[in-house]
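Taking it in order: structure first as C-alpha cells, then the write-up.
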Amino acid sequence: MANEAIVARIIEVLEQAGEQNNIDIVDVEVVGATKNPTIRVRIDHLDPKAESITLDDVAAHTGWIGDCIDQIDPFSTSFTLEVSSPGLSRPLRRAKDFTRFAGATVALSTNAHEGRRRFTGELIGMEHENVVILCDGERYEFALEDINRCTIKPDFDFTSSSSKKK
C-alpha cells in the first residue's frame, strides 16, 4: 500500500473513532524510513469553541489512537507513533478547516503541473467548493484535490502601537 493510501486509511479509521472521543483528527503524516516509519497524528478538540488542546489531553487520547492504528496494521514492520496538538502552523485539509480559519495568513502549495505552485496570503475561505486566498493583491481559487499542503502561518509580530515608545 502506498503512503497516500495508508494515510487515507488511517485518517478514515481515526476520524470515526475521534467523533466518539470528541477529538478532531487534524492531520496524519507518515514519515521516515520504510523499515521503521513514524506516524504523526495531530489532534484537537472536536468543538472548535473549546480551549486549546493540552499536553495532558494529548496523552489521554494517545492510547485509543495507537489501538486504532494497530487494528488496521498499516505496516509489516514496527512504527513509531507521535501524537501532538496542531501547533501554530496548523495544517488545513478539509473544507470545514478552510471555512473555520478564514482571515488567517496561510502558506499553500498546489500540485499543479504548470506555473506557480506556492502561495502565501490571506485565506478568504470556501467559495463554490474552492479554497480562495488573496496573495500579492490577486485572488486565487483552488479545488481541494489540487492542494498539496496548506498551513496557517503564525504571526510573530508582537509590536503594537501601545507598546512602542513615544
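The values are calculated or read from the model by the stated rules, or taken from the named source; none is laboratory data. Computed from a prediction, not measured in an experiment: that's the story for all the values here. Cβ coordinates were reconstructed from backbone atoms using ideal geometry, including for glycine residues, and neighbour counts include every protein chain displayed. What goes into the accessible areas is simple: the full protein's heavy atoms, side chains included, and nothing from ligands, DNA or RNA. Shrake-Rupley method; radii C 1.70, N 1.55, O 1.52, S 1.80 Å.
Spin-label model, residue 136/residue 155: points 7 Å from Cα along the beta carbon direction are separated by 2.2 nm. Would you give the gap between the C-alpha center of segment 114-160 and the C-alpha center of segment 1-71, rounded to a whole Å? Going from one Cα centre to the other spans 25 Å. With helices as the sole contributors, the chain gives -8000 deg cm²/dmol at 222 nm; each DSSP H run of n ≥ 4 counts as -39500 (n - 2.57), and the sum is divided by every residue. Among the protein heavy atoms, those of residue 129 account for about 150 Å² of accessible surface (1.4 Å probe, every chain in place). A crude spin-label estimate for the pair residue 111 and residue 52, with each label 7 Å from Cα along the Cβ direction, gives 3.2 nm. Summed over the residues of segment 1-47 and divided among them, the accessible surface reaches 53 Å² per residue at a probe radius of 1.4 Å. Taking Cβ atoms as reference points and 13 Å as the exclusive limit, the residues near residue 57 contribute a net charge of -4, counting Lys and Arg as +1 and Asp and Glu as -1.
For residue 109, neighbours were defined as the other residues whose beta-carbon sits under 12 Å from its Cβ, and their charges (Lys and Arg +1, Asp and Glu -1) total +3. Taking the C-alpha atoms only, the angle from helix 3-20 to the longest principal axis of the chain is near 90 degrees.
Over all pairs of different C-alpha atoms in segment 1-129, the reciprocal of the mean inverse distance, the Kirkwood hydrodynamic radius, equals 16.1 Å.
Between residue 146 and residue 122, the distance separating the two model label sites (each 7 Å from Cα on the Cα→Cβ line) works out to 2.2 nm.
Once the convex hull of all Cα atoms in segment 66-166 is built, its volume per residue stands at 183 Å³. For the chain, the longest principal axis of the alpha carbon atoms and the long axis of helix 55-72 meet at an angle near 50°.
Could you pull out the trypsin sites (Lys or Arg not before Pro) across segment 33-74 that fall in loop regions by DSSP (anything but H, G, I, E, B) with no more than 16 other Cβ atoms inside 10 Å?
Passing sites in segment 33-74 are 35, 49.
Considering only 92, 119, 131, and ranking their Cα positions along the charge dipole of segment 86-142 that arises from unit charges at the beta-carbon of Lys, Arg, Asp and Glu, the one farthest toward the positive end is 92.
Positive contributions from Lys and Arg (+1) and negative ones from Asp and Glu (-1), summed over other residues with Cβ under 10 Å from the Cβ of residue 141, come out at -2.
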